[in-house]
Amino acid sequence: MSQTYTGGCACGAIRYEIAGEPIFQGDCQCRDCQRMSGTGHGSYLTFARGGVAQSGQATPRDIVGDSGNVKTAAFCPTCGSPVFMTFAAMPDIFTVHAASLDDPGRYQPQAVTYTLRGHAWDRLDPALQMFDKMPPM
């Protein structure tokens, strides 16, 4: 049995608990993720939405991805921390920012997406599987 994943924003106004293991863990170098993280990539864990319990009210911001699909980034309205994302085209998943975990050391990336938009100064593990864009699901 896996241990619950817990986390939230920097000020504690938004909290989550997730039962079960991540479906996917990865880094994304798209421009949206660069802007959200303030660096060269975002790091994420994606879970089945059914195992998620959340408290606190996040502020949503819709972003249209390269695919034309809408992803909703959720931030804390108090401290501004990015906490999670949801996707209109995949309503059954819930994605959290790795840095929002209470134990970010549990993050174990499996791949890097949107390397086409990566920067030379953003050096990620070369052993990871790399994709120029989002791979087919």
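Using θ = phi - 60° in the Karplus curve 6.51 cos²θ - 1.76 cosθ + 1.60, the 3J(HN,Hα) couplings for segment 105-121 round to x, 6, 5, 9, x, 10, 7, 10, 10, 6, 4, 4, 9, x, 10, 4, 7 Hz; x is entered for Gly and Pro. Taking every C-alpha pair closer than 8 Å and separated by at least 6 residues, the mean separation divided by the residue count of the chain gives a relative contact order of 26 percent.
Compared with the direct C-alpha span, the chain from Trp121 to Thr6 gains 38.3 nm at full extension, assuming 0.36 nm per residue.
Read through the labelled values (1) 14.3; (2) 15.2; (3) 15.6 and report the label of the one computed as Kirkwood radius over Cα pairs in Å from the structure. Working out Kirkwood radius over Cα pairs in Å from the coordinates points to (2).
Taking all Cα pairs closer than 8 Å and separated by 6 or more residues, the relative contact order of segment 1-69 comes to 31 percent. Projecting the Cα atoms of Phe94, Ala120, Gln25 onto the charge dipole of the chain (Cβ charges, centred on the Cα centre) puts Ala120 farthest toward the positive pole. Ranked by the mean number of other Cβ atoms within 10 Å of their residues, highest first, the peptides 12-19, 128-135 come out as 12-19, 128-135.
Would you mind classifying segment 1-55 by shape? Square roots of the alpha carbon gyration tensor eigenvalues, ordered a ≥ b ≥ c; an a/c under 1.5 is rounded, otherwise it is prolate if a/b is larger than b/c and oblate if not. Oblate, since a/c reaches 1.5 and b/c is not below a/b.
Working from label points 7 Å from Cα in the Cα-to-Cβ sense, the Thr39 to Ser55 distance is 3.0 nm.
Just so you know, all these numbers are worked out from the coordinates, no wet-lab data involved. Bear in mind that the values here come from a model prediction, so they are computed numbers and not experimental data. Here the Cβ is made from the backbone with ideal geometry for all residues, glycine too, and neighbour counts use every protein chain on show.
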